[in-house]
1. What number of residues within segment 106-125 are at pLDDT 85 or above and touching a strand residue (DSSP E or B) at 6+ places or on another chain (Cβ under 7 Å)?
2. Evaluate the following for residue 113: is it part of a strand (DSSP E or B), within 26 Å of residue 14 (Cβ to Cβ) and of a type in the set (Val, Ile, Thr)?
3. Where the second residue is hydroxyl-bearing (Ser, Thr, Tyr) and outside any helix (DSSP H, G or I) and the first is under 11 Å from residue 199 (Cβ atoms) and lies in segment 277-288, which pairs have Cβ atoms under 9 Å and are six or more apart or on separate chains?
4. Looking at (1) of a type outside the set (Asp, Glu); (2) open to solvent by 30 Å² or more (accessible area, probe 1.4 Å); (3) touching a helix residue (DSSP H, G or I) at 6+ places or on another chain (Cβ under 7 Å), which is the one condition that is false for residue 46?
5. Which number in (1) touching a residue at least 60 places away in the same chain (Cβ under 8 Å); (2) closer than 30 Å to residue 223 by Cβ; (3) open to solvent by 70 Å² or more (accessible area, probe 1.4 Å) marks the one condition that residue 365 misses?
6. For the condition of a type in the set (Phe, Trp, Tyr), surrounded by 19 or more Cβ atoms within 10 Å (Cβ to Cβ) and farther than 24 Å from residue 334 by Cβ, what is the one hit in 173, 162?
7. Which of (1) within 16 Å of residue 159 (Cβ to Cβ); (2) at pLDDT 95 or above; (3) open to solvent by less than 10 Å² (accessible area, probe 1.4 Å) is the odd one out, the single condition residue 128 does not satisfy?
8. If we only count strands (runs of 3 or more DSSP E) wholly inside segment 150-222, which ones have 2 or more residues that are without any contact (Cβ under 8 Å) to a residue 24 or more places away in the chain and more than 19 Å from residue 343 (Cβ to Cβ)?
Amino acid sequence: MKNITEDTVPEPFRNFKKKFTVYAPGRINLIGEHTDYNNGFVLPTAIDKTIKLHFRANHSPYTCNVYSKTYQKYLKFDLRQISRSDEEWENYILGVVNEIQKLGEYPEGFDCIIESDLPVGAGISSSAALECGVAFGLNELFHLDLSRQAIAELSRNAEHNYVGTKCGIMDQYSSILSKEGHLILLDCRNLEATYIPADFEGHKLLLLNTGVSHSLASSEYNTRRKECEEAVKFINQRYPEVASLRDVNLARLAEFKDTLPELLYTRAHYVVSENERVLKAVEAMKQKDLEQFGLLMYQSHKGLRDEYQVSCKELDFLVDLTTEYAPVKGARMMGGGFGGCTINLIEENAIEEFIKIASEAYQKEFNITPEAIVVSPEQGTYLIKN
């Protein structure tokens, strides 16, 4: 990896003529946090903010060049010698190429320029967008004939094996398989997707980026997953058919309240409750009951804060602020936790006023101005040819 300045663009990218551009979107998740790796339900969608990846074949058998124009970083690697890097951003790319090779598909040398308008660390899955964008581009460039679902799965595997985050499938699936104007009710056990019209009737989705990204996020994510797996092992001793927390309802979980270690019970209670909230939220959306939908968002945040313990004071402050502002129907932290964004369902004509109120209060409390991002449900990864 080399640092680049504007006047030292790498030689492979001078007079660069792209073959096509891939647009890989970030994602939001309205409800259903930390349920995907427990084989549960989630309700995400891609958004109208993307990473743009400009591709061309370079007609060499093995040499690959990737230039991040946004961060002025340069990665050059050999397809015969793929290995993990000390630079985290490089592993999202190297991991995808490695997973494609594992499938018995062998891309040749390529050049790629990356530009992004996705804020890193905001919890809108810039990493999944990068993974899916690279995989989608290589699939098109070298006619690999991979399905969108296969691209989502190999991108998730790249994050497991090269980045070390044992994430679920939600981020990659929604980045590549979303439909414009819809939310995805995704069953993470069998990857069955139901597309729900996103009719917010005069309301919009507003993200408020706390501007903080606590170092706990990555390690605690894997810890939560392990805790859930331990709870499943305990329950499985009595109910062998239980393979994940998806197979447990609140009534069955209550049977273990006095025997399951308290921490594991609390973690499991959050996940099982959150799965139920996702299904209730879908019904509320179908009935256009935004009051109920918003209430479920608040309940989700409370569970993430008190039971799953992945929130932080900055996220809690922004969510608490909305409870005193009637035009916000619901709010919650979004993403892995310990920083990133809150997602707010808010009356469209109140957005500007609320951003001002929230910005002033947050600045006063933390000396940080939160970034406000209005998003809308968009299609998954796509490309435009020259």
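1. Initial filter on segment 106-125 (at pLDDT 85 or above): 106-117.
After this cut, where a residue has to be touching a strand residue (DSSP E or B) at 6+ places or on another chain (Cβ under 7 Å) as well, the list is 108-117.
Residues meeting the conditions: 10.
2. Details: part of a strand (DSSP E or B): yes; within 26 Å of residue 14 (Cβ to Cβ): yes; of a type in the set (Val, Ile, Thr): yes.
So residue 113 fits the description; yes.
3. none
4. If we test residue 46 against (1) of a type outside the set (Asp, Glu); (2) open to solvent by 30 Å² or more (accessible area, probe 1.4 Å); (3) touching a helix residue (DSSP H, G or I) at 6+ places or on another chain (Cβ under 7 Å), just (2) comes out false.
5. Tallying (1) touching a residue at least 60 places away in the same chain (Cβ under 8 Å); (2) closer than 30 Å to residue 223 by Cβ; (3) open to solvent by 70 Å² or more (accessible area, probe 1.4 Å), residue 365 fails exactly one: (1).
6. Values: 173 fails: farther than 24 Å from residue 334 by Cβ.
The match here is 162.
7. Residue 128 satisfies all of (1) within 16 Å of residue 159 (Cβ to Cβ); (2) at pLDDT 95 or above; (3) open to solvent by less than 10 Å² (accessible area, probe 1.4 Å) except (2).
8. Details: elements: 182-187, 192-197, 203-213.
Strands (runs of 3 or more DSSP E) meeting the threshold: 192-197.
The values are calculated or read from the model by the stated rules, or taken from the named source; none is laboratory data. A quick note: this is a predicted structure, and the numbers were derived from the prediction, not measured. Don't worry about glycine lacking a Cβ; one is built from the backbone with ideal geometry, like all the others, and counts go over all protein chains shown. Remember, those area values only see protein heavy atoms, side chains included, never the ligands or the DNA or RNA. Shrake-Rupley method; radii C 1.70, N 1.55, O 1.52, S 1.80 Å.
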